[in-house]
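A.B. asks: Before we start, here is the structure in question, set down as structure tokens.
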Amino acid sequence: MNPTKKRIMSGMRSTGKLHLGHYFGVLTNWVKLQNEYEAFYFIADWHALTTKYNDTKNLREDVQNVALDWLACGIDPDKSTIYLQSLVPETAELHIYLSMITPQNWVERDPTLKDMTKILRTQGATDNSITYGLLGYPVLMTADIITFNVDYVPVGIDQVAHIEISRDIIRRFNNIYKVEYFNEPKPLLTDIPLLKGIDGNKMGKSFNNDIKISDDEETTQKKIMKTITDRERIRRDDPGHPENCEVTYQYWKIFGTEEEVRQIEADCRGAKLGCTDCKKCLAKKVNEYFAPIREKRHKYAEHPETVREILLEGSKKARIEAKKVLDGAKEVIGMYF
Ligand code: TRP
Ligand code: SF4
């Protein structure tokens, strides 16, 4: 461990295969940051249980898929500590201490909880399916963050509200025990704007509008062909408006070179390029971009024991740091041992 480097930590719930929203919104940032920071990245399998406690058949597979996507995208076990939340029980212990000091109304007011509850209810949830664990989501998340007493938490924009609650809880801990024991970490965001799904809405697994990192070329192509374009361009010889081309052109800006984007824009405006051809070209670019990543993923997938080993080793390393922080916290609180 390098004491001169600042610390970061972040995680994702193990919800299965990741999509391009995860990739551009979070993962590329993590890959870059692991060179500058002492990084801890973890798969939040306990957090997955907050909503899926009664549907655990895919739990193992989901963890495996997240790990595969991370490794394929360049999260490097030699640079970062990659661990599994449930293999670091120190976090659960910290969660207990935090749960004692977190006011009930703070967790009840959590806007993200309200959203999750709404989604659960549309899926037929009753009062009994909103559990104590789900209510404690932000407290557990705070426990994750303080486990390594980090300076920053690199997340997607959707997690910022959570980090705010975490900062409040951490501040309260420090105030109650009259110490500056835990850092109040700040979120670190990527500068890439939110990637839309192929239908123009927020990209999400449950909206059926995502492109997975692990999709094969044919699937990717099919999905790209469905992307929303300039809705007012009806016929091939109508001039197009790239600025109103909600998804296809936005993807071009990510996957094309400056030169290519300029050309697409000109040909679109001049009605020299039809949307079908435009999308075919784009699909090729996307597939080219992800080809090496997908190949790397296949290689890891052929060796599940390597992936297991990486998680076990990372978790062992994480526990050593976690234990130090936990011991300090217990001392601050005034526990007997
Ligand atoms: N809530 C995050 C998600 O939905 C996962 C998460 C859990 C997390 N604990 C965290 C993220 C701590 C950053 C820091 O993906
Ligand atoms: Fe969008 Fe391309 Fe069609 Fe222009 S040609 S409207 S950029 S899909």
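The values are calculated or read from the model by the stated rules, or taken from the named source; none is laboratory data. Only a predicted model underlies this, so the values are computations on that prediction, with no experimental measurement involved. Here the Cβ is made from the backbone with ideal geometry for all residues, glycine too, and neighbour counts use every protein chain on show.
A.B. asks: Could you tell me which residue of region 12-44 is nearest to ligand 1 (Cβ to nearest atom), considering only residues that are surrounded by fewer than 21 Cβ atoms within 10 Å (Cβ to Cβ) and charged (D, E, K, R)?
C.D. replies: Top of the filtered list is 13.
A.B. asks: Further question on the same structure: Across region 150-164, which residue is farthest from residue 110 (Cα to Cα) among those that are in a helix (DSSP H, G or I) and of a type in the set (D, E, K, R)?
C.D. replies: Residue satisfying both the conditions and the ranking: 158.
A.B. asks: Pairs please, first residue from region 297-319 and crowded, with 18+ Cβ neighbours inside 10 Å, second anywhere and assigned to a helix (DSSP H, G or I) and hydroxyl-bearing (Ser, Thr, Tyr), Cβ atoms under 7 Å, 6+ apart in sequence or on different chains.
C.D. replies: Qualifying pairs under 7 Å: 300/306; 307/300.
A.B. asks: Those residues that are within 14 Å of ligand 1 (Cβ to nearest atom) and touching a helix residue (DSSP H, G or I) at 6+ places or on another chain (Cβ under 8 Å), I need them from region 63-74; list them, please.
C.D. replies: 63, 69, 70
A.B. asks: Going by the structure shown, is residue 227 touching a helix residue (DSSP H, G or I) at 6+ places or on another chain (Cβ under 7 Å), over 25 Å from residue 65 (Cα atoms), among the β-branched types (Val, Ile, Thr) and away from ligand 1 (no atom under 16 Å from the Cβ)?
C.D. replies: When the stated conditions are applied, residue 227 passes them.
A.B. asks: Here's a follow-up. Return only the number of the condition from (1) away from ligand 1 (no atom under 16 Å from the Cβ); (2) under 21 Å from the mean Cα position of the chain (by Cα) that residue 315 does not satisfy.
C.D. replies: (1)
Table: residues versus (1) surrounded by fewer than 19 Cβ atoms within 10 Å (Cβ to Cβ); (2) among the basic types (Lys, Arg); (3) assigned by TED's automatic domain parsing to the domain that holds residue 165; (4) within 8 Å of ligand 2 (Cβ to nearest atom).
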{"site": "185", "(1), (2), (3), (4)": "no, no, yes, no"}
{"site": "200", "(1), (2), (3), (4)": "yes, no, no, no"}
{"site": "208", "(1), (2), (3), (4)": "yes, no, no, no"}
{"site": "225", "(1), (2), (3), (4)": "yes, no, no, no"}
{"site": "244", "(1), (2), (3), (4)": "yes, no, no, yes"}
{"site": "259", "(1), (2), (3), (4)": "yes, no, no, no"}
{"site": "265", "(1), (2), (3), (4)": "no, no, no, yes"}
{"site": "273", "(1), (2), (3), (4)": "yes, no, no, yes"}
{"site": "276", "(1), (2), (3), (4)": "yes, no, no, no"}
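A.B. asks: Can you find, within region 115-149, the residue that is surrounded by the most Cβ atoms within 10 Å (Cβ to Cβ) among those that are of a type in the set (Gly, Ala, Ser) and either in a helix (DSSP H, G or I) or within 16 Å of ligand 2 (Cβ to nearest atom) (or both)?
C.D. replies: Among those residues, the one meeting the criterion is 143.
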